[in-house]
Amino acid sequence: MWDIRSNKRTPIQRSSLSITSHVNPVYCIQVLANQLIVSISNDGKVCTWSLENLNIPIDSTDLMLKQPANRQVYATCFDFQTQCQVDDNANVQKMAILGAEDGFCHSITTNKIALNQTYEGHFGPITSVDCFSQCLTDYNSLPMDVNQELSQLFLSSSFDSTIKLWNTAENQSPIFTFESNGDYVYDVGWSPIHPALFASVDGSGRLDFWNLNRETETPSASIDIDNRTRAINKLKWSRKGTEIVIGDDHGEMRIYEISENFARPDHDEYIKLVKTLDNLKKLNQEFSNFNLNSNSDTNYINYLIESFK
């Protein structure tokens, strides 16, 4: 832990190597509202720490998947799902989504660290997960069913070069798969102010912006970094949602300013997003029920034409 108010070049606290804490590189940490720190590593452990003492974790849990046959889960990333309430002070973080090396996503609870649901769909290690967490301004004034549905959304990215949109209540399959990338997708993140906007970065040096209410097959805007000579492996939105920071494999960071007209939502974006999600679910269900026969190429083309009429 570092204190940026101090001129010291050493951390004010650090964890120690022990059998109760991590023994492999730590991939991700998050500070919860109750001032606890949760960390994951590809050693198969989730550790909970107190901000007052990083020497020994408060709790250390091995991630085990009971079916099939008590298999260890090696996590690579995670994010907490915020359950939005009418009272801002009541917003809670009771569940997290973590991604793993086996290409699966899993949900865990914070009161008792244990794997609950498993989300299958990727064919490579998960590089990033990001839960929808807009619990401010007009989001709290939406109807309860809209509020609940949006708070269940999360995004995942993977070495399989895809991004997937999920609903935690529907773990059979993703709502939609974004297949525009031709390289590893390293990171994905929702805009903090626009419900339908998210960004992604990949190994080819591309920064993409997706507005689900405008287009789902291709990004709404893209930036090629240094003629795609660098892999972009991290992104972070500013809190006001009009800037984004990206990091590359050369250890450099760039800050981009986003147009207000593009970054800020219209008053009806939330309702539009719910309709977009319904359309994507119907399309996904129709595609799942579609049976390719001997004339598969012709049928598939006709199917796509009918779907987008």
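With the structure loaded, tell me whether Thr20 is touching a residue at least 40 places away in the same chain (Cβ under 8 Å), in a loop (DSSP other than H, G, I, E, B) and β-branched (Val, Ile, Thr) or whether it fails that test. Let's see the steps before the verdict.
Numbers: touching a residue at least 40 places away in the same chain (Cβ under 8 Å): yes; in a loop (DSSP other than H, G, I, E, B): yes; β-branched (Val, Ile, Thr): yes.
Yes.
Are any residues in the stretch 186-244 open to solvent by 40 Å² or more (accessible area, probe 1.4 Å), within 14 Å of Ser157 (Cβ to Cβ) and not hydroxyl-bearing (Ser, Thr, Tyr), and if so, which ones?
If the condition is that a residue be open to solvent by 40 Å² or more (accessible area, probe 1.4 Å), within 14 Å of Ser157 (Cβ to Cβ) and not hydroxyl-bearing (Ser, Thr, Tyr), then Asn233, Lys234 are the ones that fit.
Quick one: which strands (runs of 3 or more DSSP E) sit completely within the stretch 229-276 and have at least 1 residues that are of a type in the set (Lys, Arg) and touching a Gly at 6+ places or on another chain (Cβ under 7 Å)? If you could, list the steps in order and put the result at the bottom.
Working: elements: 232-237, 243-248, 253-257.
Here the list reads 232-237.
The values are calculated or read from the model by the stated rules, or taken from the named source; none is laboratory data. This is a predicted model, so every value here is computed, not measured. FYI the Cβ positions are ideal-geometry reconstructions off the backbone, even for glycines, and counts take in every protein chain you see. Side chains are part of the model used for accessible areas, which takes the heavy atoms of the whole protein and leaves out ligands, DNA and RNA. Shrake-Rupley method; radii C 1.70, N 1.55, O 1.52, S 1.80 Å.
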